[in-house]
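Below you'll find the structure, written out as structure tokens, and then a few comments.
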Amino acid sequence: MSTSFFVAADWLIEHANDPEVQLLDARMAPPGQEHRDVPAEYRAGHLPGAVFFDIEALSDHTSSLPHMMPRPESFAVAMRELGISRDKHLVVYDEGNLFSAPRAWWMLKTFGVENVSILAGGLAGWQRADLPLQQGNVDLPEGDFDPGIDASAIKRLTDVLLASHEKTAQIIDARPAPRFNAEADEPRPGLKRGHIPGARNVPWGDLVFDGELKTADELREIFDRQGVDLHQPTIASCGSGVTACVVILALATLGKTDVTLYDGAWSEWGARDDLPIEPAR
């Protein structure tokens with residue numbers, strides 16, 4: 001089965017009663033909006049049949065870093081309890097800004113789901129089309145989800161330090177330019193300004209328009225302008241491992257499917273006193 005990166009609301013409506021399609025609401029609050037009760041927002045209104053893919057709750061809470069990938073066994077148990085099966089076509093969506101759906105897409109792919117798509121336009125697009133919402137929680141029968149992970153998709157700090165020093169891979173930082181260039185503070189307290197030495201800046205927002213990725217030609221032009229070589233090994237990073245997945249998704253749509261993620265991201269690197277930073281302090 002060949003699965004597109006995005007599906008439209010019309011497609012989802014056509015497959016509303018397809019038992020092979022499952023819908024996941026993957027909204028999350030960006031940094032600075034921690035006061036929001038996103039689970040309550042989900043219960044107040046979500047796409048019919050969508051379960052809540054709570055990225056915060058599904059993260060590794062033994063780590064002090066935000067949104068770190070959980071152990072495969074823990075993730076598999078959580079998916080089974082939600083009623084999600086690994087062999088189904090999973091469709092994820094977020095608020096409509098393409099902020100967090102790519103992280104859910106990446107997590108599911110890394111944990112072995114072959115068929116994952118993102119709803120183009122997300123919740124906002126669904127609401128603009130005046131389509132129905134459902135309230136409350138969605139209870140499904142237990143799913144079938146075996147634990148497994150593509151560990152090669154994730155890079156650790158030591159991997160990134162080596163890549164930065166030896167230039168064995170290009171590092172793409174998805175944070176906004178003012179943060180990358182040390183012109184603005186990080187939204188998370190206690191982090192230094194700047195970026196990993198040698199990293200290239202491709203702000204995730206530059207890749208997105210109206211809840212979807214820009215056209216392939218526009219994406220190629222953006223990456224080319226920032227000096228990204230689509231034929232070189234690539235590590236994506238950002239503030240906490242979420243918007244880096246927008247970069248991974250964009251590159252995947254251009255045929256580059258071997259991009260890895262620095263999951264600790266700037267939340268880890270920028271908190272350390274023993275790591276190099278550009279611009280040099």
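Quick notes on this structure:
- Residue match in region 42-56 (condition: under 25 Å from Ile248 (Cα atoms) and at pLDDT below 95): yes
- Region 146-188 - residue that is in contact (Cβ under 8 Å) with a residue 24 or more places away in the chain and of a type in the set (Ser, Thr, Tyr) and, of those, surrounded by the most Cβ atoms within 10 Å (Cβ to Cβ): Ser164
- Members of region 210-267 found to be closer than 22 Å to Gly125 by Cα and among the polar types (S, T, N, Q), listed by number: Thr215, Thr243, Thr253
- Condition broken by Ile13, with the remaining ones in (1) of a type in the set (A, V, I, L, M); (2) open to solvent by less than 60 Å² (accessible area, probe 1.4 Å); (3) assigned to a helix (DSSP H, G or I) satisfied: (2)
- Highlighted here are the helices (runs of 4 or more DSSP H) found entirely within region 32-111 that include at least 1 residues which are surrounded by 15 or more Cβ atoms within 10 Å (Cβ to Cβ) and among the polar types (S, T, N, Q): 72-82, 101-110.
- Answer residue from region 16-31, given it is of a type in the set (Asp, Glu) and over 14 Å from Tyr93 (Cβ atoms) and is most open to solvent (accessible area, probe 1.4 Å) among those: Glu20
- Taking region 20-31 as the range and being assigned to a loop (DSSP other than H, G, I, E, B) and touching a residue at least 60 places away in the same chain (Cβ under 8 Å) as the test, the residues that pass are Glu20, Ala26, Arg27, Met28, Pro30, Pro31.
- Residue match in region 122-133 (condition: buried (at least 21 other Cβ atoms within 10 Å of the Cβ) and within 18 Å of the chain's Cα centre (by Cα)): yes
- For the criterion of being over 17 Å from Thr243 (Cβ atoms), at pLDDT 95 or above and within 19 Å of the chain's Cα centre (by Cα), Ile149 passes.
The values are calculated or read from the model by the stated rules, or taken from the named source; none is laboratory data. Note that the coordinates shown come from a computational prediction; the quantities given were computed from them, not determined experimentally. Glycine also receives a Cβ, built like all others from the backbone with ideal geometry; neighbour counts cover every protein chain displayed. Keep in mind that these areas ignore ligands, DNA and RNA; they rest on the heavy atoms of the full protein, side chains included. Shrake-Rupley method; radii C 1.70, N 1.55, O 1.52, S 1.80 Å.
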